[in-house]
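Engineer: One structure coming up, written as structure tokens, with questions to follow.
Computed from the coordinates by the stated procedures, all read-outs in this text should not be read as laboratory data. Note that the coordinates shown come from a computational prediction; the quantities given were computed from them, not determined experimentally. No Cβ is skipped: glycine too gets one built from the backbone with ideal geometry, and neighbour counts run over all protein chains shown.
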Amino acid sequence: MKKLPRLSKAQIWNMSIGFLGIQFGFALQNANASRILQTFGADIEHLGWFWLAAPITGMLIQPIVGHYSDKTWTKLGRRRPYFLFGAIFAALALIFMPNAEILASIIPPMFVGAGMLMIMDASINISMEPFRALVADKLPLDQRTMGFSVQSTLIGIGAVVGSWITYALAEWFNISKTAPAGSVPDNVIFSFYIGAAVLIVTIIWTVITTKEYSPKELEEYTGEDTEINPATEVIKKENGFVQIMKDFAAMPSTMKQLGVVQFFSWLALFGMWVYTTPAIAQHVYNLPVSDTSSEMYNDAGNWVGVLFGVYNGVAALYALLLPFIAKATSRKATHALSLLIGAAALISIYFVKDPDMLIIPMIGVGVAWASILSMPYAILSGALPAKKMGIYMGLFNFFITIPQIVNGLASGPLLKSLFNSQAIYALIIAGVSLLIAAGAVYFVEDKEN
């Protein structure tokens, strides 16, 4: 059995450059979806419910995409058709989401916005899962930590630009940051247009520059039957749903252990993404819960975009250090320490009253975010069979989407009944959740470390 050939640094960067565009769009969604939905009339305690569209579609789509991408072979390859198709639909959703009011005569804009959020996240999930599997397809074990770290760096770069662009358009290019009640400001609308363009261009770059191994080559490198007939390009007939359930029941123990870590990590992240804008507006800018359209509220929203850019920028830099830190200690120790730093950062936001000082906790959030995007996948990939890489990477998404659904269902009523709709407490709960995730890392078995 031949070993997978080592790739050059340029090849590793090229195969992941599309992730920059995916994260550009994802960052626009994270930083602006809540205020767009509030602009269209959503109450703060209902925001989590609207955001449920994202994890529910991800939970349904990623295992299916993973399952069928394991068994696909086309002229474009095995994984590339999926992230190209997903990018096109994500770009369309980016264009239409901030313009939901144009359908106001037919459907309430906040429902159109929520629908676009669902389509956007579904499409991003279609693109994202095959990228994770592509790293495992192409790289030998000793390069996978580097491969996932490069992905994290590109995710960070894309997210920095995607998070900062609304602020930059308003403050540097004098594009309007306010709009009549019920309308989205021009700086937000134009940033979504730019995000759509970046997403398409970067995905096409990866499609053009990256060659995938054929089923025959993969079989030679892994010694495993790829379940594809490369001569006729026919997928073996089977019941996909039944096979997905069988694979779920047979998941490796390392995947189950990492599932607990992921559950509490993503419970925290979802709470941060949904509630940071209202939390900062209320707790730092001292705005009432009902204020969702004033200039100061939009200043708070733009500043949250800057803050999200800070944590993503830190993540891009920290991700480059992760392989060296993991080599000096272990992947488990690296991940646990990173999560602890993120937990302390989120909890500390409660004690900050100066908007400029919020940059400090965002540094800690960036450390945790970089590790969440790379270390679990580096640990997991060594415990998975090569021919099941796509389906298990997709099933692993259950441990990302389920906690988001739990948070989305419970956080709104919890904030309203216990905390008088003060969103800052959602960030404190997120910090505690990261603490639990850090403790759960201790119980993970890392087969390659």
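Engineer: Please list the equivalent ellipsoid semi-axes of the stretch 1-63, computed as the square roots of five times the alpha-carbon gyration tensor eigenvalues, in descending order and whole angstrom.
Structural biologist: 38, 16, 6
Engineer: Give the residue from LEU76, TYR425, GLY162 lying farthest towards the positive end of the charge dipole for the chain; charges sit on Cβ (+1 for Lys and Arg, -1 for Asp and Glu) and the dipole is referred to the Cα centre.
Structural biologist: With unit charges placed on the Cβ atoms, the residue in question is LEU76.
Engineer: Lys and Arg at +1, Asp and Glu at -1: add these up for the other residues within a Cβ distance under 12 Å of ILE325 and post the number.
Structural biologist: Once all neighbours under 12 Å are counted, the net charge is +3.
Engineer: Residue by residue through the stretch 83-89, what is 3J(HN,Hα) from phi via Karplus (6.51 cos²θ - 1.76 cosθ + 1.60, θ = phi - 60°)? Round to whole Hz and write x for glycine and proline.
Structural biologist: Result, ordered by residue: 6, 6, 4, x, 5, 4, 6 Hz.
Engineer: Using amide H atoms built 1.01 Å from N in the peptide plane, name the residues 5+ places from GLY77, or on other chains, whose amide H lies under 5 Å from its own.
Structural biologist: For GLY77, no residues qualify.
Engineer: Just list whichever of LYS177/LYS353; LYS138/LYS332; LYS71/LYS216; LYS138/LYS211; LYS75/LYS211 have alpha carbons separated by over 19 Å in the model shown.
Structural biologist: LYS177/LYS353; LYS138/LYS332
Engineer: Something else now. Ranked highest first by the average count of other Cβ atoms within 10 Å around their residues, in what order do 170-176, 329-335 fall?
Structural biologist: Result, highest mean Cβ count within 10 Å first: 329-335, 170-176.
Engineer: At a 10 angstrom cut-off on C-beta neighbours, averaged per residue, how do the peptides 16-27, 143-154, 403-414 rank from highest to lowest?
Structural biologist: Result, highest mean first: 16-27, 143-154, 403-414.
Engineer: Which order do the peptides 189-195, 179-185 take when ranked by the mean count of other beta-carbon atoms within 10 Å per residue, highest first?
Structural biologist: 189-195, 179-185
Engineer: Here's another thing I want to ask about it. What are the semi-axes of the equivalent ellipsoid of the chain, taken as the square roots of 5 times the eigenvalues of the Cα gyration tensor, listed largest first and rounded to whole Å?
Structural biologist: So the three semi-axes of the chain are 36, 24, 20 Å.
Engineer: Another question, then. Net charge near GLY113: determine it from the other residues with C-beta under 15 Å of the C-beta of GLY113, scoring Lys and Arg +1 and Asp and Glu -1.
Structural biologist: -2
Engineer: Suppose every K and R has +1 on its Cβ and every D and E has -1 on its Cβ; what is the size of the dipole of the stretch 326-393 about the Cα centre, in Debye to the nearest 20?
Structural biologist: Computed charge dipole of the stretch 326-393: roughly 480 debye.
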